[in-house]
Amino acid sequence: MTTRVSKSRSISRRRLLTTAGVGAAIAASPFRISPLRAEEANIKIGFPVPLTGPYGTEAQDQVRAAQLAVAQFNDAGGLGGRKAELVVRDDKLNPGEAATRTLELVEKEKVNFVVGSLSAAVQLAINNVTKERGIIFNSISQSDAINQVPDFSRFTFHEALNPHMTSGAVGRYAFPKFGKKVAFLTADYAFGHEMVRGFLEVGKAFNIENLGDFRHPIGTTDFSTLLPRIQALKPDILCISNFGRDQQIALRQATDFGIKKTTQIIVPVLSHGSRVAAGPQAFEGVIGGCSFYWGIEDKFASTKAFNDAFRKMYNGKLPTDYGALGYGGVRAVLSAVKNAGSVDTDKVIAALEALKYDYYKGPQYYRKCDHQSVQSVLIIRSKSKGLRNESDVFEVISTEEPNEAHLRTCEELSHKA
């Protein structure tokens, strides 16, 4: 899929809102009228995300929110009148496809920056291309590897949480409350492995007992051979470290097997898209972590402003967790461009490293050694009663505030002091 988004004051927001979907909205670009002029003038942000596949719902939310960040930059005058443009590619949740599409963005589309991804393995493939060609990449997907040598480069930034932060926060909340006997059901790729590593690391402080790690491939539709084996171990806690449709199916089947009657289920990333798709029964009582929830708008003015802008642009719809990452990843880059007064790579890197920002959930900044965004982690629980609207599916039960002590040290990541 090849799509391009351009935003300026001349675009009709009504036209955007009445399109059938993200692809149609992207295709509505007015710059087709004079493509040469647009190619020369626009600040291009490549945006590879998995629009097709099991993470498609989350990816579409990323695109919508990224469009908002571009629109706000352009509505504020851009960079001395120079507008931004979002150039979207479907990475199909495949590292090889992602590398090809990113190379296309760099060499054919001549993008100035890249923001995107929704898979640990895919973002590393994107990062390999961008760092070889000296293009800033701001990743909006969880990964531990992208922050450490040798995957990291000075061009690499990481807006998303990483598994060490996420599983650490969830573990610190859950292990003292629900028991020491812990079993794992894990997606068998980098994301799952890194989450389990994070749970085990934080579990040392609570003397948890690892009953076993049961792994499955992405796209598994039947967990009936794994769940009875887990249930027989009688864990106090079951950590399900997967995402998207895998998470939905695993939780439905765990509910059917009655595991929740004796075991607290926790997930490192509790996705809004998955909860809405699977419904309240499958997610009832499940606890997890996330980087953003629209419901904290009573706590942060930035959340309220982000929610209101998103509502206005998308006919009352509220942003999701992965949508917020798309917004933050693009807005951070464009803010750095504005602060630098330039799209020069070195100047924008320096501006990103100096950036202190609060775009959607409270204060954040990029740690200099690994360009990880230091930020809060929300601990949420799925709910089914007293819903204020269709997006009101979680309650925030705890917040772990931004703290570099919850990150792996620069030395652990092999960065020089």
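The values are calculated or read from the model by the stated rules, or taken from the named source; none is laboratory data. All values reported here derive from a predicted model rather than from experimental measurement. Positions of Cβ are generated from backbone atoms using ideal geometry, with glycine treated the same way; all protein chains shown enter the neighbour counts. Only protein heavy atoms, including side chains, enter the accessible area calculation; ligands, DNA and RNA are left aside. Shrake-Rupley method; radii C 1.70, N 1.55, O 1.52, S 1.80 Å.
Numbers at a glance
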read-out: Qualifying positions in the range 278-294 - in a loop (DSSP other than H, G, I, E, B) and farther than 11 Å from Val393 by Cα; value: Gly285, Val286, Ser291, Phe292
read-out: Residues of the range 329-373 classified as within 17 Å of Thr156 (Cβ to Cβ), in contact with a strand residue (DSSP E or B) (Cβ under 8 Å, 6 or more places away or on another chain) and not hydrophobic (A, V, I, L, M, F, W, C), total; value: 11
read-out: Cβ pairs under 8 Å, 6+ apart, first in the range 383-399 and hydroxyl-bearing (Ser, Thr, Tyr), second exposed (fewer than 14 other Cβ atoms within 10 Å of the Cβ); value: Ser384/Gln281
read-out: Sole exception among (1) crowded, with 17+ Cβ neighbours inside 10 Å; (2) in contact with a helix residue (DSSP H, G or I) (Cβ under 7 Å, 6 or more places away or on another chain) for Thr221, by number; value: (1)
read-out: Segments classed as strands (runs of 3 or more DSSP E), wholly inside the range 51-148, with at least 2 members that are among the polar types (S, T, N, Q); value: 136-139
read-out: Residues of the range 176-193 satisfying the condition of being open to solvent by 10 Å² or more (accessible area, probe 1.4 Å) and modelled with pLDDT of 95 or more; value: Pro176, Lys177, Phe178, Gly179, Lys180, Lys181, Asp188, His193
read-out: For Lys181: the one exception among (1) among the charged types (D, E, K, R); (2) farther than 20 Å from Gly244 by Cα; (3) without any contact (Cβ under 8 Å) to a residue 40 or more places away in the chain; value: (3)
read-out: Flag for Gly323 being in contact (Cβ under 8 Å) with a residue 40 or more places away in the chain and under 18 Å from Tyr359 (Cα atoms); value: yes
read-out: Of all residues in the range 43-61 being open to solvent by 10 Å² or more (accessible area, probe 1.4 Å) and in contact (Cβ under 8 Å) with a residue 40 or more places away in the chain, the one that is nearest to Tyr360 (Cα to Cα); value: Asp61
read-out: Test: Glu297 is assigned to a helix (DSSP H, G or I), free of Cβ contacts under 8 Å to residues at least 40 places away in the same chain, open to solvent by less than 60 Å² (accessible area, probe 1.4 Å) and in contact with a Ser or Thr (Cβ under 8 Å, 6 or more places away or on another chain); value: yes
read-out: Which numbered condition Ile126 misses (of (1) at pLDDT 95 or above; (2) open to solvent by 10 Å² or more (accessible area, probe 1.4 Å); (3) among the hydrophobic types (A, V, I, L, M, F, W, C)); value: (2)
read-out: Positions within the range 358-399 being in contact with a Lys or Arg (Cβ under 7 Å, 6 or more places away or on another chain) and either on the phi > 0 side of the Ramachandran plot or outside any loop (DSSP other than H, G, I, E, B) (or both), in sequence order; value: Tyr365, Val374, Ser382, Phe394, Glu395, Ile397
read-out: Selection from the range 204-218 of residues that are exposed (fewer than 11 other Cβ atoms within 10 Å of the Cβ) and touching a Pro at 6+ places or on another chain (Cβ under 7 Å); value: none
read-out: From the options Arg331, Arg275, residue that is out of contact with any Pro (no Cβ under 8 Å at 6 or more places or on another chain), part of a helix (DSSP H, G or I) and modelled with pLDDT under 95; value: Arg275
read-out: Of residues in the range 62-111 being crowded, with 24+ Cβ neighbours inside 10 Å and among the small types (Gly, Ala, Ser), the one farthest from the chain's Cα centre (by Cα); value: Ala84
read-out: Odd one out for Leu318, checked against (1) touching a strand residue (DSSP E or B) at 6+ places or on another chain (Cβ under 9 Å); (2) modelled with pLDDT of 95 or more; (3) open to solvent by 10 Å² or more (accessible area, probe 1.4 Å); value: (1)
